[in-house]
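Worksheet: the structure to be examined is printed underneath.
The values are calculated or read from the model by the stated rules, or taken from the named source; none is laboratory data. Predicted model only: the values in this text are computed from it and were never measured. Every residue, glycine among them, receives a Cβ derived from its backbone with ideal geometry; neighbour counts consider all protein chains shown. Protein only, heavy atoms only, side chains kept; ligands, DNA and RNA dropped before computing areas. Shrake-Rupley method; radii C 1.70, N 1.55, O 1.52, S 1.80 Å.
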Amino acid sequence: MLDQIRGLHHVTAMAKDARRNNHFYTRVLGLRRVKQTVNFDAPDVYHLYYADGAGTPGTVMTFFPFPDSGPGVPGAGEAGLTSFAVPRGALPFWRERLEETGEVRTDALFGEDRLLFKGPDGERLALVERPGDARAPWTGNGVGEAEAIRGFGGVTLTLRDAQATAELLKFMGYREEGIEGRLTRFRRPDGNGADVVDIETAPEAPHARLGAGSVHHVAFAVENRAAQIDVRRGLTEAGFGITPVIDRDYFYAIYFRTPGGVLFEVATNEPGFARDEDPDHLGEALKLPAQHAHLRPVLEKHLEPLED
């Protein structure tokens with residue numbers, strides 16, 4: 001069993017409109033945009049990162065806004081829901097705030113109250129009341145400390161057959177914590193706060209189709225490159241096909257496909273989002289990977305401004 005994984009690092013999803021995406025995650029959910037850069041493989045498309053004040057692993061939601069993308073089709077083989085943790089008593093505030101953007105509903109899961117809603121591209125999201133979460137929030141845009149998002153609460157994987165992915169999570173250091181209906185909860189002990197993964201078993205679900213509103217991949221956090229090498233070795237020995245280590249400027253990444261079809265990443269906490277920007281000004285300027293730096297004049301004309 002691996003013991004290097006601390007919980008989630010980031011969740012990356014697809015979007016259609018960059019400005020609308022930026023508005024929702026900063027001005028509605030109150031997250032900080034900690035980086036605006038471009039897709040490594042499609043530099044004419046933004047890669048936007050929203051998080052707490054520092055871009056702490058376990059708080060980072062990222063998006064590829066492809067203007068020509070069609071809507072994703074929900075189904076099996078994807079992370080079908082992303083949840084964020086908020087303090088106890090915060091849900092009435094969020095219900096009133098989010099009702100202005102669309103339909104919301106409340107329920108309870110594993111003894112936790114939560115608010116279910118959708119993002120601008122139909123992405124399924126939830127706010128879950130989780131008292132005792134000590135992570136420091138980013139505040140502003142009308143969201144105070146008593147209500148602000150602390151980071152991820154977890155992700156829900158929708159799978160036709162959960163068994164093989166459940167065994168993978170256990171190998172990654174997660175423990176099965178409980179079952180409620182079609183959902184099985186796994187938690188990483190002594191994690192980084194973003195330490196919950198739920199599996200929804202849905203044998204009748206159609207296969208998901210990637211598009212705007214879909215989660216592209218789920219990334220798990222390790223402290224450094226040495227820990228990542230150990231994880232890569234362990235997963236390889238367990239029979240998974242793992243990519244080489246890829247430098248993503250703000251972390252190092254490896255990727256592999258899970259038995260249920262979800263794309264997992266293992267990302268390092270180092271070097272972080274302040275490697276090329278002052279911490280007080282994260283996300284304010286367009287940052288480009290070195291291989292795309294020569295495209296700056298073209299990209300600055302092509303990419304839609306994020307702010308009004």
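See the values below:
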item: Residue, surrounded by the fewest Cβ atoms within 10 Å (Cβ to Cβ), within segment 8-25, restricted to residues that are within 14 Å of Thr101 (Cα to Cα) and either of a type in the set (Val, Ile, Thr) or touching a Pro at 6+ places or on another chain (Cβ under 6 Å) (or both); result: Arg20
item: Residues (of a type in the set (Gly, Ala, Ser), surrounded by fewer than 19 Cβ atoms within 10 Å (Cβ to Cβ) and either touching a residue at least 12 places away in the same chain (Cβ under 8 Å) or closer than 23 Å to Ala136 by Cα (or both)) located in segment 74-126; result: Gly75, Gly89, Gly102, Gly122
item: Residues located in segment 259-278, provided they are in a loop (DSSP other than H, G, I, E, B), in contact with a helix residue (DSSP H, G or I) (Cβ under 6 Å, 6 or more places away or on another chain) and aliphatic (A, V, I, L, M); result: none
item: Enumeration of residues in segment 48-84 that are small (Gly, Ala, Ser) and part of a strand (DSSP E or B); result: Ala51, Ala76, Ala79, Gly80, Ser83
item: So Pro289, is it over 30 Å from Glu167 (Cα atoms) and open to solvent by 70 Å² or more (accessible area, probe 1.4 Å); result: no
item: Positions within segment 2-47 being among the charged types (D, E, K, R) and either within 14 Å of the chain's Cα centre (by Cα) or part of a strand (DSSP E or B) (or both), in sequence order; result: Arg32, Arg33, Lys35
